[in-house]
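Visitor: Once you've had a glance at the structure underneath, I'll fire off some questions.
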Amino acid sequence: MLAAEEHPYQDYKWSVDECWFAVLSKSVVNLFENNSGNNVGSIFEPGLDRDFTIALQNILENQTNLEMVQSNGDLIYEGEIIEYRVSPMTATANLDAAQNRLTITINLIFSNFKKEEDNFERRFSFYFDFPAEQQLISVKSEAHEIIFERITPVSYTHLRAHETPEHRGR
């Protein structure tokens with residue numbers, strides 16, 4: 001395999017998951033509005049907008065070649081948190097909840113000003129199961145961390161669109 005500096009395309013570098021990606025120099029992550037309280041059965045979690053936005057920024061800064069900027073980015077990640085729901089998942093013989101599930105759903109709007117055919121709007125969702133005898137407050141930090149990690153790697157999905165044809169499918 002070629003090292004990054006030997007690649008025939010000057011603007012490409014080697015990534016974490018062994019694919020060639022275009023280096024998009026600037027990325028903007030706008031605050032994801034927390035609109036979860038607008039949906040039936042969903043609850044409003046204060047600070048979730050800030051926490052999710054920071055988690056996405058950290059993923060992009062630490063796991064990609066993108067440079068975070070305040071404005072005029074090549075890529076823009078924006079959207080809203082549309083669901084924050086705790087639901088019973090399993091029941092005991094007495095029909096009490098034995099396990100609960102916290103589900104967070106976001107609506108992501110991805111804009112690529114260098115390759116506009118990659119632009120899209122899509123929902124992403126993930127969950128965290130926890131014993132019903134535990135209160136959400138006692139597992140919230142762990143749950144958010146796990147859910148954010150599962151939702152935010154969508155950045156790699158977007159970056160895969162910039163692979164050169166000869167490296168697709170690896």
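The values are calculated or read from the model by the stated rules, or taken from the named source; none is laboratory data. The shown structure was predicted, so the numbers you read here are calculated from the model rather than taken from an experiment. Every residue, glycine as well, gets a Cβ built from its backbone with ideal geometry; the counts of neighbours run over all protein chains shown. Note: areas computed on protein heavy atoms with side chains; ligands, DNA, RNA excluded. Shrake-Rupley method; radii C 1.70, N 1.55, O 1.52, S 1.80 Å.
Visitor: Counting other Cβ atoms within 10 Å, keep those with at most 16, restrict to DSSP loop, and tell me which trypsin sites (Lys or Arg not before Pro) in the stretch 64-140 are left. Let's see the in-between values first.
Guide: Values: sites: Arg85, Arg101, Lys114, Lys115, Arg122, Arg123, Lys140; in loops: Lys114, Lys115.
Hits after loop and neighbour filter: Lys114, Lys115.
Visitor: Give the ranking of Met68, Met89 by solvent-accessible surface, highest area first, calculated with a 1.4 Å probe.
Guide: So the residues, ranked largest to smallest area, are Met89, Met68.
Visitor: One quarter of the convex hull surface, Cα atoms only: what value does that give for the stretch 30-112 in nm²? Mind showing how you got there, number by number?
Guide: Details: hull surface 28.0 nm².
About 7.0 nm², averaged over all directions.
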